[in-house]
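The values are calculated or read from the model by the stated rules, or taken from the named source; none is laboratory data. Computed from a predicted model, the values in this text were never measured in an experiment. Methodologically, a virtual Cβ is constructed for each residue, glycine included, from the backbone with ideal geometry; neighbour enumeration extends over all protein chains shown. Each accessible area value is taken on the protein alone, full model and side chains, heavy atoms only, with ligands, DNA and RNA left out. Shrake-Rupley method; radii C 1.70, N 1.55, O 1.52, S 1.80 Å.
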Amino acid sequence: MTQPLHGFLRDAPLFPPRASEMARDIDFLFFSTLGVLIFFSTLIASLIFYFMVRYHRRSPNQVGRQPQGNTMLLETAWIIVPLILTLAIFTWGAQIYFAAARPPAGAMQFYVVGKQWMWKIEHPSGKREINELHVPRGQAVKLRMTSEDVIHSFYVPAMRVKADVIPGKYTMLWFKPDTVGTYHLFCSQYCGAEHSHMVGRVVVMEPTDYELFIAGAGGTGGTSSVASGEELFVTKSCNTCHRPDTTARAPMLWGLFGKTVAFHDGRTTVADEAYIRESILNPAAKVVSGYQPIMPTYRGQLSEEEIIQLIRYIQSLKPNAVDGQVR
Amino acid sequence: MSTQTEFVIPVEEAPEPGDHYLNHTFGLASWLLTKDHKRIAILYLISISFFFVLGGLMAVLIRLELTTPEGDLVQPDIYNRLFTMHGVLMIFFFLIPAIPGVLGNFLIPLMIGAKDLAFPKINLLSWYIYVIGGLFTFYALVSGGVDTGWTFYAPLSTTFTSTHVMAVALGIFIAGFSSILTGLNFVVTIHRMRAPGMTWSRLPLFVWAHYATSIIQILGTPVIAITILLLAAERLFHVGIFDPKVGGDPVLFQHFFWFYSHPAVYIMILPSMGVVSELIAAFARKKVFGYHFVAFSSIAIAVLGFLVWAHHMFVAGISVYAAAVFSVLSMLVAIPSAIKVFNWTTTLYKGSISWETPMLYALGFIGLFTIGGLTGVMLATLGIDLHVHDTYFIVAHFHYIMVGGAIMGYMGGLHYWWPKITGKLYPKFWSTVSALIIFVGFNVTFFPQFILGYLGMPRRYHTYPAEFQVLNVMSSAGATVLGLGYLIPAIYLIWSMRYGKDASDNPWGAVGLEWETSSPPPVENFETPPVVTWEAYEYHESTAMHSLAPSSRGSYRVG
Amino acid sequence: MSADLAHHFDSYEQQAKSASLGVWVFLVTEIMFFGGLFTAYILYRSKYPEAFIAGSHQLDIALGTFNTAVLICSSLTMAMAVRSAQLGKRTAIVGFLMATILLGSTFLGIKATEYHHKWVEHLIPGESFHLDEAHLPTHHGKPVLSDLPTGIVGESRADAPLSTAPRSDLQAHTQLYFFLYFGMTGLHALHMIIGVGLLVWLLSPSSKGKFDADNHNYVEGVGLYWHFVDIVWIFLFPLLYLVGRHG
């Protein structure tokens, strides 16, 4: 419904809310560069206006006067100065960008799946939400995201960050909210007919309220991810080869997550979400040293959500007391 | 004042009725089968204007829809087709061909003292190819259009849309060849067809700008061509180049796409910068300050422009180190543009500045391009782009460059050379008024969009939160003014072709080979081929000015 | 076309130099055009080396080598045609053009045969694509694909013999290889067809004696184009036919 005139005059902000330290940093950078912009634009505009009037043609046949002397100094100056300025701005911006790519240790791990045209979000506890993300204030929040179909982008203006959400791989976004409130969540990569409706809310709550939220009803709740993953592990017959008591048929998964794995061609990698996902979808790509490439692929048999549930389950597997070694 | 040079400019002199390129032959065939670069320029003028109007109508509908937060004017998928087609038509069928096709075609042979371009038949072919590409796209438009955005990202465009992607892609593919052939023609012409004495250092900056543009057209356009073929193959055969389910990479599409599309924006702005150099020189009656710096800055922009494409992909999951490299390079590419702005402004110092309409457009360009360009530096800044990428901040940025910059330059050039092209003068009152209306309308339209972008309003949104409405209404109001502003020149320029005062050879008292011949020029451009012995923009008091009296038109030798 | 000087040129020399520069600029655009496909090739080959080995081994190396020789010879006859045009030797031009046409057509004929083979073997990308596992390459009895990712045969680092278990991803990635194979050789063949067409077009004016020392731009231009198409093939052949082939 359209609001009456006085309604939207009252609610017409010129500046978005700020809900994190990084948002503050980005605003500072933005306004500083804006200052540079205003300085140079005003300088050029003023000079133009001044010259227009001061040197306005007085008679139809009048020509301009050519400059005398060495112009090289001026030319060099206005190359060097902008160069220094822009490189300084670059350095500042790069610092923030690199920080945005490095979530702090201990950040809460959320999972997000974007699909036309909704956001499916899962809390560390397993609680699920659609188009809404409730987070506790004062805690770093890390989102691991993928798409089920086209490229989307997860954008929270109040945190000043976004990251594209791409089918076939995981991308990451983190922020640390420091102000309680409700903020916009937008999809900011055009994704088809209902792109403008792929919106939601990020709700920052006091930590105690967040605990209550997690414990209570609301969101789409239901079985936790880990439990669903465990169920899949059995129904998809992963457990016929991957067993906690023997490594004869398949590499040990208990205690695997986070360890370094060696492959028969000499390469190694850390067992993280991307590695587990690849092993499920393309098991022949990296075969663990000493094993045969007999694991079948599950491409086409699992949805992105199910893959995430399996990853959560495998993440939860602690080293077995009998055989704690990872080969 | 006593040290100012005086020279005689027969501004009010009645021109001789003569045989020129417009009246030499008549009939539709003499136009559609012409090999005269001047007539081909007119053909381009008509066709690009058609697409500009079409693209503009879409913009009107978009802004109309966006006056209210709800999607109440058109359905979402119609809206998506509107902004897609607006982008496709404006970029590929207006901005890229406009200045090279109209002004470049008309003026480059004149400016270098040649009779025509190196390959006149290929020039005509370029126009036909452009028209055919346009027809395919027009067909796609009337059949319902495309809804992928002009950027056609995979996998949306390859797998998830059922609209006329192939027809539009084909139209763009074909039009690309027009761009390539024009670039090829200009490069060979500038290398091989310069009149005796017209050295590279004496070339008008307009020519330098088009040379740089042509380099980009030649090197970049084939890459979008192959990208479109890959897109088509993926769409038709589902082979998996961009499909992650079978091992492809959707982000690869973005790399291919932007490898052309970023240099493409320099195709759109460089010619306009060339125009501005000419306008500043003519209406300050001074050589452009730092001629060599301005000339080489065009080449620098062309080269550096190929090295920055991934600054469109900072949040697309590329490595942070790659992002840093592209950010630095994007900062570097801003420097040559800054060089131009500073040199143009300095040219005005101690100039003899006229307030004629073309000059108003040129000065408007400098101001608006400075703002647009500096917002580009902000976008190249990684930390800022995190927040404003894919928001209205980007939309405002590129419209400041393309409309506040490129189109203003085009309008200025069109007004400046109108007497040369048509032999007629346009009414000064209306041209001044419309220039001011356009300037005001433009800023009211697009400045609020910077604010909207920082607020977080994403682009390509059909509906939006209510708190964004005021700024959107402001923007739409500005768009109405801007549209009116463009309507007025359309009317008086056409009017002037019949009812305007006749123009002399050199109504502005400018220096340049194009002003050494009649308005309009004869078919072969010059009655006697020129021999050049003076530098570009020789308004210098110590140079004996070549007389512009008709009796001496037989000789262009200075002395 | 004729030995006349076009109206907008001042001299034969200016006309010839313009034509020559024009053709070179055009060839630069062609390099950029093919370049996109080469880039895609490089990226996917480094990503899926085993699929590229498998795909490459399905090609007929004898036919490919023969075709390469044919094309190199055709560049020789083309160069002779250009030389004859410079000297204005009417019969020689026609003769060498015909020889080039013959060799070019031979190339195209063999290419068509290869494409037909691929059709029969279900290696055309699309619904019916299927790589026959029995045709996977071997070396001294051991499956080549046991080594990843260098693709260097004989460097088996595994102690235990590996089985050639079916890998469904291999099908998808080999299909990508064949898409690039058909895309690159198809685009090349299209350029060859156009080239042959241009050569046929030159026959008539050549036989009428239109070309001489002053004016042989068209022959030289087509010659440059022909050499370019040849060079593209020189790159395509090893990249497509010789992946993982040793000894």
How well do other chains shield peptide B:388-397, expressed as the mean number of their Cβ atoms within 10 Å of each residue Cβ?
3
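May I ask you to rank A:Thr297, B:Thr445 by accessible area, largest first, using a 1.4 Å probe over the protein chains only? Let's see the in-between values first.
Values: A:Thr297 35, B:Thr445 5 Å².
So the residues, ranked largest to smallest area, are A:Thr297, B:Thr445.
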Per-residue HN-Hα couplings for the range B:260-268 [Karplus 6.51, -1.76, 1.60; θ = phi - 60°; Hz; x = Gly/Pro]
8, 5, 6, x, 4, 5, 6, 4, 7
So how much accessible surface do B and A hide from each other in total, probe 1.4 Å, in square angstrom to the nearest 100?
8700 Å²
In whole percent, what relative contact order does chain C give with Cα contacts below 8 Å and a gap of six or more residues?
37 percent
Counting only protein heavy atoms, probe 1.4 Å: which residues of the range A:54-75 lose 30 Å² or more of accessible surface in the full assembly compared with their chain by itself?
A:Tyr55, A:His56, A:Arg57, A:Asn61, A:Gln62, A:Val63, A:Gly64, A:Arg65, A:Gln66, A:Pro67, A:Glu75
For chain C, find the longest principal axis of its Cα atoms and tell me its angle to the long axis of helix C:217-241, 0 to 90°, nearest 10.
10 degrees
Using the Cα centre of the range B:37-548 as origin and beta-carbon charges of +1 (Lys, Arg) and -1 (Asp, Glu), tell me which of B:Ser434, B:Gly409, B:Leu103 is placed farthest towards the positive end of the dipole.
B:Leu103
What percentage of the solvent-accessible surface of the range A:225-316, computed with a 1.4 Å probe over protein heavy atoms, is contributed by carbon and sulfur atoms?
51 percent
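Can you check what the net charge comes to around B:Pro109, using other residues whose Cβ is under 11 Å from the Cβ of B:Pro109 (Lys, Arg +1; Asp, Glu -1)? Don't jump to the answer; show the numbers that get you there.
Working: positive: B:Lys38, B:Lys115, B:Arg194; negative: B:Asp36, B:Asp116, B:Glu514, B:Glu524.
Every neighbour counted, the sum reads -1.
How would you order A:163-169, B:501-507 from highest to lowest mean count of nearby Cβ atoms within 10 Å?
Values: A:163-169: 23.4, B:501-507: 20.4.
The densest-packed peptide leads the list: A:163-169, B:501-507.
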Please arrange B:Arg39, B:Arg81 by accessible surface area, largest first, computed with a 1.4 Å probe and ligands excluded.
B:Arg81, B:Arg39
Stokes-Einstein D for the range A:108-215 at 37 °C, 0.692 mPa s, Kirkwood Rh over Cα pairs, in µm²/s?
241 µm²/s
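Would you work out what percent of the accessible area of the range B:339-484, with all protein chains in place, is carbon or sulfur (probe 1.4 Å)? Please report the intermediate quantities before stating the final value.
Working: 2570 of 3210 Å².
That share works out to 80 percent.
Highest mean first, how do A:195-206, C:106-117 rank when packing is the count of other Cβ atoms within 10 Å averaged over residues?
Those peptides, ordered most packed to least, come out A:195-206, C:106-117.
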Could you tell me which residue out of B:Ala281, A:Tyr170, A:Ala88 lies farthest along the dipole of the protein assembly as shown toward its positive end? Charges go on the beta carbon: Lys and Arg +1, Asp and Glu -1, centred on the Cα centre.
B:Ala281
About the Cα centre, and with charges only on the beta carbon of Lys, Arg (+1) and Asp, Glu (-1), how big is the dipole of chain C? Nearest 20 debye, please.
360 debye
Helix B:205-237 axis, angle to chain B major axis (alpha carbon atoms, nearest 10°):
30 degrees
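Tally up the carbon and sulfur contribution to the accessible surface of the range A:3-89 as a whole percent, 1.4 Å probe, everything protein left in place. Don't jump to the answer; show the numbers that get you there.
Numbers: 3680 of 5130 Å².
Heavy-atom surface of the range A:3-89 belonging to carbon and sulfur, 1.4 Å probe: 72 percent.
To the nearest 20 debye, what charge dipole does chain A have about its Cα centre, counting +1 at the Cβ of each Lys and Arg and -1 at the Cβ of each Asp and Glu? Kindly include the intermediate steps, with their values, before the conclusion.
On the way: 31 positive and 27 negative charges, 195 e Å.
Roughly 940 debye for chain A.
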Shielding of C:14-24 by partner chains, average beta-carbon count, 10 Å:
4
If you plug each phi of the range B:419-426 into the Karplus form 6.51 cos²θ - 1.76 cosθ + 1.60 with θ = phi - 60°, what whole-Hz ³J(HN,Hα) values come out, in order, with x for Gly and Pro?
x, 5, 6, 10, x, 10, 9, 9
Normalised by the residues of the range B:127-278, what does the relative contact order come to in percent, with Cα pairs under 8 Å and at least six apart?
28 percent
Around C:Leu187 (Cβ within 13 Å, Cβ-to-Cβ, excluding C:Leu187; K/R +1, D/E -1) the net charge comes to 0
Signed unit charges on C-beta, dipole axis of the protein assembly as shown, positive-most listed residue A:Ile280, B:Gly197, A:Pro319
B:Gly197
Using amide H atoms built 1.01 Å from N in the peptide plane, name the residues 5+ places from A:Tyr155, or on other chains, whose amide H lies under 5 Å from its own.
A:Phe186, A:Ser188
Can you tell me the 0 to 90 degree angle between the C-alpha axis of helix B:291-304 and the longest principal axis of chain B, rounded to 10?
20 degrees
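What 222 nm value per residue comes from the helices of chain A, counting each DSSP H run with n ≥ 4 as -39,500 (n - 2.57) and dividing by all residues, nearest 500 deg cm²/dmol?
Details: 7 runs with 112 residues, N = 327.
It comes out at -11500 deg cm²/dmol, rounded to the nearest 500.
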How much area per residue is accessible in the range B:37-548 when the probe is 1.4 Å and only protein heavy atoms are counted (Å²)?
27 Å²
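Can you give the charge dipole size of chain B about its Cα centre, rounded to the nearest 20 debye, using +1 on the beta carbon of Lys and Arg and -1 on the beta carbon of Asp and Glu? All intermediate terms of the calculation are to be shown ahead of the outcome.
Details: 26 positive and 29 negative charges, 106 e Å.
So the magnitude is around 520 debye.
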List every residue whose amide H lies under 5 Å from the amide H of C:Thr138, counting only residues 5 or more places away in sequence or on a different chain, with H placed 1.01 Å from N in the peptide plane.
C:Val144
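Going by average Cβ density within 10 Å per residue, which order do the peptides B:27-38, B:51-62, B:216-227 take, highest to lowest?
Numbers: B:27-38: 15.7, B:51-62: 18.3, B:216-227: 24.7.
Listed from highest to lowest mean packing, they are B:216-227, B:51-62, B:27-38.
What quantity of accessible surface, computed with a 1.4 Å probe and excluding non-protein components, is buried in total between chains B and C, in Å² to the nearest 100? All intermediate terms of the calculation are to be shown ahead of the outcome.
Numbers: alone 22550 and 12950 Å², together 32700 Å².
Counting both chains, the buried surface is close to 2800 Å².
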Provide a whole-number value for the mean count of partner chain Cβ atoms within 10 Å of the Cβ atoms in peptide A:151-163.
5
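In Å², and per residue, what accessible area does the range A:225-316 have when probed at 1.4 Å with the other protein chains present? Provide the component values of the computation, followed by the final result.
Numbers: 4030 Å² over 92 residues.
Heavy-atom accessible area per residue stands at 44 Å².
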